[in-house]
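Undergrad: This is the structure I want to talk about, given as structure tokens.
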Amino acid sequence: MIDLHYWTTPNGHKITIFLEETGLPYRLKPVNIGKGEQFDAAFLAVAPNNRIPAIVDHAPPDGGGPLALMESGAILLYLAGKTGRFYPGDLRGRCEVAQWLFWQMAGLGPMAGQAHHFLHYAPQPVDYAIDRYVRECGRLYGVLNKRLADREYVAGDYSIADMACYPWVLPERQRQDMAHFPHLARWKEAIAARPAVQRAYALAKEVNPQPKPPTSDEERRILFGQDERTVR
């Protein structure tokens with residue numbers, strides 16, 4: 001059994017997609033980040049970076065005690081290794097998947113996250129920041145669109161690279177026109193139609209039926225006011 005510490009964010013969706021695709025048994029442990037539950041001592045024992053998602057695998061492949069893991073990319077790699085699913089067995093195939101997984105973790109996720117912040121959460125518009133991150137999202141969409149021009153999925157077969165990228169392709173939140181990215185649009189539609197993906201997003205609606213941006217000063221402080229004192 002796997003405990004999944006989760007909230008309804010793109011990084012959280014990556015892991016529910018994988019678990020639904022593989023049928024691994026798991027317990028969902030919601031962590032409401034708007035209420036500050038990511039700072040609870042029990043959660044920090046699993047995820048010292050106070051970020052979701054995180055897992056505890058009570059039956060790791062090495063037969064040892066429970067294994068705790070944070071960081072969505074590391075979790076995907078671990079689960080793919082545990083199950084032998086959605087990660088190729090050959091060296092070159094693994095390299096293909098790994099480089100696009102790290103591309104998402106280092107590029108698409110952080111840059112899209114900054115676009116979300118300045119477009120939807122910042123208390124005042126910051127034109128320079130909005131332009132910077134909307135443009136960079138467009139560039140990253142272009143990279144992914146070009147990659148998908150001659151293949152069905154990011155690294156050939158459907159893999160953890162697709163599961164990592166898909167939740168972050170949110171054109172309506174990032175001011176992107178999908179008419180400019182036809183291959184990416186085709187890919188996004190194909191993944192959205194997968195039953196496991198639909199189950200993962202239905203689960204998100206059960207956990208957080210009415211997601212909304214932070215509106216109170218306290219919510220903003222919890223989500224955006226952290227500094228070195230947060231981890232003391």
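The values are calculated or read from the model by the stated rules, or taken from the named source; none is laboratory data. Bear in mind that the values here come from a model prediction, so they are computed numbers and not experimental data. For neighbour counting, all protein chains shown are included, and Cβ atoms are generated from backbone atoms with ideal geometry for every residue, glycine included.
Undergrad: Can you work out which of the residues in segment 165-182 that are under 16 Å from H116 (Cβ atoms) and among the aliphatic types (A, V, I, L, M) is surrounded by the fewest Cβ atoms within 10 Å (Cβ to Cβ)?
TA: The extreme case among them is L170.
Undergrad: Go through segment 63-101 residue by residue and tally those that are touching a residue at least 24 places away in the same chain (Cβ under 8 Å), in a loop (DSSP other than H, G, I, E, B) and over 26 Å from R51 (Cα atoms).
TA: So the answer is 1.
Undergrad: Here is a further query. With respect to E189, is the statement that it is in a helix (DSSP H, G or I), among the acidic types (D, E) and surrounded by 14 or more Cβ atoms within 10 Å (Cβ to Cβ) true? Before the answer, list the steps.
TA: On the way: in a helix (DSSP H, G or I): yes; among the acidic types (D, E): yes; surrounded by 14 or more Cβ atoms within 10 Å (Cβ to Cβ): no.
For E189, the condition - in a helix (DSSP H, G or I), among the acidic types (D, E) and surrounded by 14 or more Cβ atoms within 10 Å (Cβ to Cβ) - is not met.
Undergrad: OK, next. Determine whether L19 is within 15 Å of the chain's Cα centre (by Cα), surrounded by 15 or more Cβ atoms within 10 Å (Cβ to Cβ) and assigned by TED's automatic domain parsing to the domain that holds P211.
TA: yes
Undergrad: Sort through G64, G36 and tell me the only one that's modelled with pLDDT under 95, surrounded by fewer than 18 Cβ atoms within 10 Å (Cβ to Cβ), over 21 Å from A106 (Cβ atoms) and out of contact with any Asp or Glu (no Cβ under 7 Å at 6 or more places or on another chain).
TA: Numbers: G64 fails: modelled with pLDDT under 95.
The unique qualifying residue is G36.
Undergrad: Please verify whether A149 is assigned to a helix (DSSP H, G or I), under 28 Å from A54 (Cα atoms), of a type in the set (G, A, S) and in contact (Cβ under 8 Å) with a residue 24 or more places away in the chain, treating the condition exactly as stated.
TA: The answer is no for A149.
Undergrad: Still on this structure, please answer the following. Six or more apart or on different chains, Cβ atoms under 7 Å: show the pairs whose first residue is in segment 191-217 and without any contact (Cβ under 8 Å) to a residue 12 or more places away in the chain and not assigned by TED's automatic domain parsing to the domain that holds H120 and whose second is small (G, A, S) and assigned to a helix (DSSP H, G or I).
TA: Taking only residues 6 or more apart or on different chains, not a single pair turns up.
Undergrad: Let me ask something additional. Between residues in segment 1-16 that are within 17 Å of P66 (Cβ to Cβ) and residues that are among the polar types (S, T, N, Q) and part of a loop (DSSP other than H, G, I, E, B), which pairs lie under 9 Å by C-beta distance while being six or more apart or on different chains?
TA: none
Undergrad: Can you report the number of residues in segment 102-134 which are in contact (Cβ under 8 Å) with a residue 40 or more places away in the chain, under 25 Å from I75 (Cβ atoms) and of a type in the set (A, V, I, L, M)?
TA: Final tally of qualifying residues: 4.
Undergrad: Among the residues of segment 41-57, how many are surrounded by 13 or more Cβ atoms within 10 Å (Cβ to Cβ) and either of a type in the set (A, V, I, L, M) or outside any helix (DSSP H, G or I) (or both)?
TA: 11
Undergrad: Just to be sure before I move on: is P211 surrounded by fewer than 17 Cβ atoms within 10 Å (Cβ to Cβ), touching a Ser or Thr at 6+ places or on another chain (Cβ under 8 Å) and of a type outside the set (F, W, Y) in the structure I sent? Show your work before the answer.
TA: Numbers: surrounded by fewer than 17 Cβ atoms within 10 Å (Cβ to Cβ): yes; touching a Ser or Thr at 6+ places or on another chain (Cβ under 8 Å): yes; of a type outside the set (F, W, Y): yes.
Yes, satisfied.
Undergrad: Another question, if that's okay. Please go through (1) in a helix (DSSP H, G or I); (2) out of contact with any Ser or Thr (no Cβ under 7 Å at 6 or more places or on another chain); (3) in contact (Cβ under 8 Å) with a residue 24 or more places away in the chain for K35 and return the number of the only condition it doesn't satisfy.
TA: The number of the failed condition is (1).
Yes/no matrix, rows are residues, columns are (1) farther than 30 Å from G34 by Cβ; (2) at pLDDT 95 or above; (3) within 17 Å of the chain's Cα centre (by Cα):
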residue	(1), (2), (3)
S159	yes, yes, yes
D162	no, yes, yes
H183	yes, yes, no
A192	no, yes, yes
A204	no, yes, yes
V207	no, yes, yes
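Undergrad: Turning to a different aspect of this structure: Which numbered condition in (1) part of a helix (DSSP H, G or I); (2) within 21 Å of the chain's Cα centre (by Cα) is the only one that I130 fails?
TA: Among (1) part of a helix (DSSP H, G or I); (2) within 21 Å of the chain's Cα centre (by Cα), I130 violates only (2).
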